[in-house]
Amino acid sequence: MSFNVTVMKYALIITLALLAAACKKSAADDPSSPANTVVTAPVNLHLHTYIGENEVDGYDIIYRTTEGREMSLSMAQVFLSDIELVKRDGTIYPIKDTIILTNIIDQVYRLGNVPVGNYRTIRFKAGLLPAINAQTSGGSVPLNDKSMWFSNTAQQNNYIFMNCSGKIDTSAALVGKMAPFTYKIGTDAQLKQVVMPDQNYSVQPNTTGYVHMLVDYSQLFIGVDLTDAANLSITTSEQNSWPDNGQAWPIAVTVADNIVHAFKYENE
């Protein structure tokens, strides 16, 4: 009798051990188990609006560009989408379904939750991806902002990717001959990829991380002949449609290409 009890005890111990091992293996193989959950933390974009070396504190305030040209902003908005973080090992982490519309007043924009770890840069599109641009204008914030539509009527390909207006000194001698400008950049042809240079940073658990950047709107005028009044106004999608129908104004192409130069790290 004692022998049978002893055998049963050992059998029970072995059975329990096997069950425990099976449970551990099952948990390890289960991607939804706590042991395999990826730890994430929120990341925000901290974006300042600049003219040259001057941070813009409000609308219609005159600042000087790095070359000494007077300039002010009455509107400065740009869509950022298709945002991706690049880890130090080169792995790409896309921040899906995040579209932000930057402006002069707001500085902090939520990007989303990303895995904690070490990153080396951020990249994004200045504008909207073709699949979004092909949708009827409207819907949720920020796509329903009519100041970012070419037409007040909702329709396809109606989004303005960057809407910037203000005044700038158009004189060659920098004597303060101010003239208004309006640059409305859009259409799939003008979608720009912005890849920031490497600047290592970390995302820590239980902490909100920040990517500190600025956008210098004076950079839009690189290579622009300001003495020609025709170079100060881009207002329609037709003016932006190069090379689809060959009617894009060269100034629209120049300004759109300059958008990628406007973004810099805050301490760059």
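All Cα-Cα distances of the stretch 40-265, cut into 5 Å bins from zero to the largest, leave 1, 7, 14, 18, 18, 16, 12, 8, 4, 1, 0 percent in each bin in turn. For Val260 and Thr37, a Förster radius of 35 Å and the Cβ-Cβ distance give a FRET efficiency of 0.40, rounded to the nearest 0.05. Pairwise alpha-carbon distances in the stretch 83-154 exceed 19 Å for 46% of all pairs.
Taking 0.36 nm per residue of separation and subtracting the Cα-Cα distance, full extension of the segment from His46 to Met75 would add 8.6 nm.
Take every pair of alpha-carbon atoms less than 8 Å apart whose residues are at least six positions apart; their mean separation over the length of the stretch 76-169 yields a relative contact order of 31 percent. For the stretch 36-114, trypsin sites (Lys or Arg not before Pro) are listed when DSSP marks them as loop and at most 16 other Cβ atoms sit within 10 Å of their Cβ; the list is Arg88, Lys96.
In this structure, Ala131 and Thr182 have a Cβ-Cβ separation that, at R0 = 41 Å, corresponds to a calculated FRET efficiency of about 0.90. If you sort Tyr183, Tyr93 by accessible surface, 1.4 Å probe, largest first, the order is Tyr93, Tyr183. Run the numbers on the stretch 40-265 and let me know its relative contact order in percent, using alpha-carbon pairs under 8 Å that are six or more apart. Relative contact order, the stretch 40-265: 24 percent. For Thr66 and Gln155, the difference between the fully extended length at 0.36 nm per residue and the C-alpha to C-alpha distance is 28.1 nm. Give, as ranges by residue number, the residues of the stretch 40-58 whose backbone N falls under 15 Å from the point 7 Å along Cα→Cβ of Asp97. Taking a point 7 Å out along Cα→Cβ of Asp97, no residue of the stretch 40-58 has its backbone N under 15 Å. Put Glu55, Glu238 in order of accessible area, highest first, and with a 1.4 Å probe you get Glu238, Glu55.
Just how many pairs of Lys in the stretch 40-265 have C-alpha atoms closer than 13 Å, counting pairs that are eight or more places apart or on different chains? The partial results should precede the final answer.
On the way: Lys96/Lys125; Lys125/Lys192; Lys146/Lys184; Lys167/Lys177.
Eligible lysine pairs with Cα atoms under 13 Å apart amount to 4.
Report the extension gain between Asn113 and Asp198 in nm, rounded to one decimal, defined as 0.36 nm multiplied by the number of residues separating them, less their alpha carbon distance. Let's see the in-between values first.
Numbers: separation 85, 0.36 × 85 = 30.60 nm, distance 2.08 nm.
28.5 nm is the gain from fully extending Asn113 to Asp198.
The values are calculated or read from the model by the stated rules, or taken from the named source; none is laboratory data. What you see is a predicted model; the values in this text were computed from it and never measured. A quick note on method: Cβ atoms are made from the backbone with ideal geometry, for glycine too, and the neighbour counts reach across all protein chains shown. SASA here: full protein model, heavy atoms, side chains in, ligands and nucleic acids out. Shrake-Rupley method; radii C 1.70, N 1.55, O 1.52, S 1.80 Å.
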